[in-house]
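The values are calculated or read from the model by the stated rules, or taken from the named source; none is laboratory data. This one's a predicted model, so the numbers in the text were calculated from it and none came from an experiment. So basically every Cβ, Gly included, is an ideal-geometry build from the backbone, and we count neighbours across all protein chains shown. Accessible surface areas use protein heavy atoms only, side chains included; no ligands, DNA or RNA. Shrake-Rupley method; radii C 1.70, N 1.55, O 1.52, S 1.80 Å.
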Amino acid sequence: MFFHAHPDDEALLTAGTMAMLAAEGHRVVLVVATSGERGQADIAPGEALGETRIAELYKSAAALGCARVVNLGYGDSGLAPGGGVAEDRPADAFIDADGEEAARRLAAILTEEGADLLTIYDPAGGYGHPDHVQVNRVGGRAAQLAGTPIVLEATVNRDPLLRGLRLVRRFYPQLDVRAFERAYSPAEEITHRVNVRRFARQKRASMAAHATQATGADTRTLGVMLKIPQPLYRLVFGTEWYVQRGLPSGTRLRHPFEVPPKA
C-alpha cells in the first residue's frame, strides 16, 4: 500500500516502484489523504479542482497497474507562501485531523487488504509540506496498529539533489538552495535504492495524468519534468529512494521486499 498526501505525489516519488510491484504480480493499493483541492492549477482552487485531481489520480493509478484507489477525504491543508502551515486552511484540513483517528482509518484499510508493506514519507515530509509531515505521523502509527511488517519512507537522496541545485544556481542566482539543506534524506540514511528504469514509460504516464499540476504558474515542476527527453528521463528518474527505520547503518537494498543480510 502506498500512502500519499495529494494526487500527483505518487507520480513524483513512488510511481516506478508501484508499476514494478504490479508487474511482479503484487496487489498495489494507492491511498491519498486529500483530493489536493488547494493546489495550483488553471482552474480555481476548491471542490471542482479536487474532483478533477481525483479523476487524474485514477488515470495515474491505471497507468501504474493499481488494483484499488482510496481517498480518505480530508481537506487539503495548503501551504503558506513562505512554507509551513497555511493560516487559511479549511476546517477539515488533514494537518488538523485527530492523528489517532486518522491512523485507525488507514489501519483498517491495511488490515482489510492484508498489506505487508506501507510507504509513507520521511519525518521532514520531503520538502516540508504539512500534509506530508502528517502522512509520516499517521502512516507510521497506522502500521503499528495494523501490524504491517514493512514501512518504507519514500524520499529523495539529498546529496546529489543539492549538488544539482548548486549547479543550477549558477544560472538562476535567485534559487534558494538553503531551503533544501534539510529536505528529504541524506545518502547515509537511505536503505533502499530501487532501479525503476524499466518502468520509466509507466512513471511518465503517471506524471502526465496529472495535467492540472503541469499548469497554473510560471514554472511548474511537473511540467518541466515532462519536457525531459525520454532517454534522459530514464536516467534522471530511474531510481526511487526509501528509508526503512531500524536497519543497520550502511544497509543497501534494491527491492522493497529484499531482506537485509544478517549481521
Count - residues of segment 13-57 that are open to solvent by 60 Å² or more (accessible area, probe 1.4 Å) and closer than 25 Å to Thr148 by Cβ
5
Looking at segment 210-237, I want the residues that are within 23 Å of Gly50 (Cβ to Cβ) and among the β-branched types (Val, Ile, Thr) and have a partner that is open to solvent by 30 Å² or more (accessible area, probe 1.4 Å) and modelled with pLDDT under 90 with Cβ atoms under 8 Å, at least 6 apart or on another chain. Which pairs are those?
Thr212/Asp42; Thr212/Ile43; Thr215/Asp42
Test each condition in (1) of a type outside the set (Asp, Glu); (2) open to solvent by 20 Å² or more (accessible area, probe 1.4 Å); (3) closer than 18 Å to Arg68 by Cβ for Pro123 and report the one that comes out false.
(3)
Between a residue in segment 243-255 that is under 21 Å from Asn136 (Cβ atoms) and any residue that is among the aromatic types (Phe, Trp, Tyr) and modelled with pLDDT of 95 or more, which pairs come within a Cβ distance under 6 Å, given they are 6 or more apart or on different chains?
none
Helices (runs of 4 or more DSSP H) contained entirely in segment 149-263, each with at least 3 residues that are small (Gly, Ala, Ser), crowded, with 16+ Cβ neighbours inside 10 Å and under 18 Å from the mean Cα position of the chain (by Cα):
200-209
Kindly indicate the residue of segment 58-89 that is more than 30 Å from Ala23 (Cα to Cα) and not small (Gly, Ala, Ser) and also surrounded by the most Cβ atoms within 10 Å (Cβ to Cβ) among those meeting that condition.
Asp76
